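One structure is given here, and the rest of the page talks about it.
The values are calculated or read from the model by the stated rules, or taken from the named source; none is laboratory data. Just so we're clear, the structure is a prediction, and the values are computed from it rather than from any experiment. Counting neighbours? That spans all protein chains shown, and the Cβs are built from the backbone with ideal geometry, glycine included.
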């Protein structure tokens, strides 16, 4: 198995896209109008080791997991999809949901999810991470 130097790190990025509508329940004191976005979600995963094939984390496996989560929201009204039927569907809450759900998936022992970036269209994004 190839070994990495002590301070080496590999960071992969995978993304998924989905189309969905939402409205914030409280936007400065009042409900926001219903609207949709072409969303993009990026996951960054860090690893310190390589496997026998010199791969840190398999892009294909992680992308499939991320796409599976995005499918739960795709072409939906996010406000009606748990947990957003109770939580305000802000970018912050949606990014945290992706982070928590993807963290539940099994990654190689040497890898960890570093952050999720959620794009609400081409110009606005939010990144969620824990330290």
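Say whether the condition of being free of Cβ contacts under 8 Å to residues at least 24 places away in the same chain, exposed (fewer than 15 other Cβ atoms within 10 Å of the Cβ) and under 18 Å from residue 108 (Cβ atoms) is met by at least one residue in segment 79-88. Checked against the condition, which is being free of Cβ contacts under 8 Å to residues at least 24 places away in the same chain, exposed (fewer than 15 other Cβ atoms within 10 Å of the Cβ) and under 18 Å from residue 108 (Cβ atoms), segment 79-88 yields no hits at all.
If you check residue 119 against the conditions, is it modelled with pLDDT of 95 or more, closer than 21 Å to residue 46 by Cβ and not in a helix (DSSP H, G or I)? Taking the combined requirement at face value, the residue satisfies it.
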